[in-house]
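Read the figures in this text as sums done on the coordinates, not as results from a lab. Just so you know, these numbers come straight off a predicted model, no measurement behind them. Cβ placement follows ideal geometry from the backbone for every residue including glycine, while neighbour counts extend to all protein chains displayed.
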Amino acid sequence: MPADRRPGLELSIQITPQAGDCPADRAQLRRWVRGALRADARLVLRLVGETEARALNTTYRGRRYVPNVLTFAYGAPAAGEALQADVVVCLPVALREARAQRKRPRDHLGHLVVHGVLHAQGLDHERDEDARAMQALETAILHRFGIGDPYRIR
């Protein structure tokens, strides 16, 4: 993609009733997604409650707990094609984590959205060097939105 072209984005934002009240509006959710995007993408951002998040984590990851964010990337796109992925944020968990970490709920949600979108693009944090690189990128993206370093110990 040419450096002067922003990545194309088709985004569906789904907020289930079980997710509860979202601390950011749809326009802000879209800005966070776009801020983390480095390639054309067709994404679903779904904010859910604990039951759905646990079911997805159990069914597709084999883990029986409620996660804060899950990313389902649907294979590497062929040349010229948009990447496709679903990013699922469990809003009740995100809000509990924000309180426990003394963070603004909106800021923590922004971090989880950016984190999930980066995973959709193939970034991970399995190895220490990959984790450092991903965390630095997350911090830089969030800084553009006025959100402080999410990894700084408070």
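Tell me, please, whether a residue that is in a strand (DSSP E or B), in contact with a helix residue (DSSP H, G or I) (Cβ under 9 Å, 6 or more places away or on another chain) and closer than 21 Å to L123 by Cβ can be found in the range 13-31. Step through it out loud before you land on a result.
Just the residues of the range 13-31 that are in a strand (DSSP E or B), to begin with: 13-15.
Okay, now just the ones that are also in contact with a helix residue (DSSP H, G or I) (Cβ under 9 Å, 6 or more places away or on another chain), so 13, 15.
Going one step further and asking which of them are closer than 21 Å to L123 by Cβ, we end up with none.
No: the range 13-31 contains no residue that is in a strand (DSSP E or B), in contact with a helix residue (DSSP H, G or I) (Cβ under 9 Å, 6 or more places away or on another chain) and closer than 21 Å to L123 by Cβ.
What are the residues in the range 54-77 that are in a loop (DSSP other than H, G, I, E, B) and within 14 Å of the chain's Cα centre (by Cα), if any?
First pass over the range 54-77, keeping only residues in a loop (DSSP other than H, G, I, E, B): 62-68, 74-77.
Result: P67, N68.
Would you please name the residue that is surrounded by the most Cβ atoms within 10 Å (Cβ to Cβ), looking only at residues in the range 81-92 that are among the hydrophobic types (A, V, I, L, M, F, W, C) and assigned to a strand (DSSP E or B)? Show your work before the answer.
Keep residues of the range 81-92 that are among the hydrophobic types (A, V, I, L, M, F, W, C), which gives 82-83, 85, 87-91.
Filter again for assigned to a strand (DSSP E or B), leaving 83, 85, 87-90.
Working: L83: 21, A85: 21, V87: 26, V88: 23, V89: 25, C90: 28.
Across the range 81-92, the extreme among qualifying residues is C90.
A quick yes/no check of all residues on (1) touching a residue at least 24 places away in the same chain (Cβ under 8 Å); (2) over 20 Å from V44 (Cβ atoms); (3) assigned to a helix (DSSP H, G or I); (4) aromatic (F, W, Y):
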{"position": "A79", "(1), (2), (3), (4)": "no, yes, no, no"}
{"position": "A94", "(1), (2), (3), (4)": "yes, no, yes, no"}
{"position": "R102", "(1), (2), (3), (4)": "yes, yes, no, no"}
{"position": "L109", "(1), (2), (3), (4)": "yes, no, yes, no"}
{"position": "V113", "(1), (2), (3), (4)": "yes, no, yes, no"}
{"position": "R132", "(1), (2), (3), (4)": "no, yes, yes, no"}
{"position": "I153", "(1), (2), (3), (4)": "no, yes, no, no"}
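Looking only at residues that are free of Cβ contacts under 8 Å to residues at least 60 places away in the same chain and either over 16 Å from the mean Cα position of the chain (by Cα) or assigned to a helix (DSSP H, G or I) (or both) in the range 117-130, which one is surrounded by the most Cβ atoms within 10 Å (Cβ to Cβ)? I'd like the intermediate steps shown before the answer.
Initially, the range 117-130 is screened for residues free of Cβ contacts under 8 Å to residues at least 60 places away in the same chain, giving 119, 122-130.
Among the residues that remain, those that are also either over 16 Å from the mean Cα position of the chain (by Cα) or assigned to a helix (DSSP H, G or I) (or both) are: 119, 126-130.
Numbers: H119: 20, E126: 7, R127: 9, D128: 8, E129: 8, D130: 12.
Among those residues, the one meeting the criterion is H119.
For the range 131-148, give me each residue that is surrounded by fewer than 19 Cβ atoms within 10 Å (Cβ to Cβ) and touching a His at 6+ places or on another chain (Cβ under 8 Å). Explain how you work it out, then say what you get.
In the first step, residues of the range 131-148 are kept if they are surrounded by fewer than 19 Cβ atoms within 10 Å (Cβ to Cβ); the result is 131-137, 139-140, 143-146, 148.
The answer is A131, M134, Q135.
Could you say whether any residue in the range 134-145 is of a type in the set (K, R), in contact (Cβ under 8 Å) with a residue 24 or more places away in the chain and either more than 22 Å from G20 (Cα to Cα) or touching a Phe, Trp or Tyr at 6+ places or on another chain (Cβ under 6 Å) (or both)?
Residues of the range 134-145 of a type in the set (K, R): 144.
Now restrict to residues that are in contact (Cβ under 8 Å) with a residue 24 or more places away in the chain: 144.
Add one more test, that the residue is either more than 22 Å from G20 (Cα to Cα) or touching a Phe, Trp or Tyr at 6+ places or on another chain (Cβ under 6 Å) (or both), and what stays is 144.
Yes: the range 134-145 contains one or more residues that are of a type in the set (K, R), in contact (Cβ under 8 Å) with a residue 24 or more places away in the chain and either more than 22 Å from G20 (Cα to Cα) or touching a Phe, Trp or Tyr at 6+ places or on another chain (Cβ under 6 Å) (or both).
Residues of the range 51-82 being of a type outside the set (A, V, I, L, M, F, W, C) and over 23 Å from R30 (Cα atoms), which ones? So that I can check it myself, show each step before the final result.
So the first thing to find is which residues in the range 51-82 are of a type outside the set (A, V, I, L, M, F, W, C), and the list is 51-52, 54, 57-65, 67-68, 71, 74-75, 77, 80-81.
Answer for the range 51-82, where residues must be of a type outside the set (A, V, I, L, M, F, W, C) and over 23 Å from R30 (Cα atoms): T51, R54, N57, T58, T59, Y60, R61, G62, R63, R64, Y65.
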